[in-house]
């Protein structure tokens, strides 16, 4: 993938690959709530710091549709025609499973961060105590 097609999110460009799964989950979350279309998703994701082009988003949507997570249909509103995406039953099940896994991961990430700070504090205290004893 060329650099110009990578999602732009918070963090360095080396971190971008880590966010691709979060972006897909974000898309699936909104598609499970109701019909979504590309431009709305681009704007919604931008509000969360993800800068995606249509050249990145649409292949992602098509891939999610091929995998059975989304289904799309052309809808017309006056002169405007757009393709809208909805989560399938399989997509909703996958989202429910992902919610559990993400919840567990976030709990570990934040628990580990707190434990790490405590360990660092304890390490500093032990090191100071050794210096004073030695």
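The values are calculated or read from the model by the stated rules, or taken from the named source; none is laboratory data. All values reported here derive from a predicted model rather than from experimental measurement. Here Cβ is always computed from backbone atoms with ideal geometry, including for glycine, and neighbour counts include all displayed protein chains.
Go through the stretch 48-59 and give me each residue that's in contact (Cβ under 8 Å) with a residue 40 or more places away in the chain and either out of contact with any helix residue (DSSP H, G or I) (no Cβ under 8 Å at 6 or more places or on another chain) or surrounded by 12 or more Cβ atoms within 10 Å (Cβ to Cβ) (or both).
Correct list: 49, 50, 51, 52, 53, 56.
Does the stretch 28-40 hold any residues that are within 16 Å of residue 95 (Cβ to Cβ) and either loosely packed, with under 12 Cβ neighbours inside 10 Å or in contact with a helix residue (DSSP H, G or I) (Cβ under 6 Å, 6 or more places away or on another chain) (or both), and which are they? Full working, then the answer.
Within the stretch 28-40, the first condition is being within 16 Å of residue 95 (Cβ to Cβ), and the residues that meet it are 28-36.
Within the stretch 28-40, 28, 32, 33, 34, 36 qualify.
Is there a residue being under 18 Å from the mean Cα position of the chain (by Cα) and on the phi > 0 side of the Ramachandran plot anywhere in the stretch 49-65?
Checked the stretch 49-65: at least one residue is under 18 Å from the mean Cα position of the chain (by Cα) and on the phi > 0 side of the Ramachandran plot.
Would you point out the residue of the stretch 68-100, among those that are over 16 Å from residue 32 (Cβ atoms) and surrounded by 11 or more Cβ atoms within 10 Å (Cβ to Cβ), that is modelled with the highest pLDDT?
Looking at residues that are over 16 Å from residue 32 (Cβ atoms) and surrounded by 11 or more Cβ atoms within 10 Å (Cβ to Cβ), I get 83.
Would you call residue 8 out of contact with any helix residue (DSSP H, G or I) (no Cβ under 7 Å at 6 or more places or on another chain) and modelled with pLDDT of 90 or more?
no
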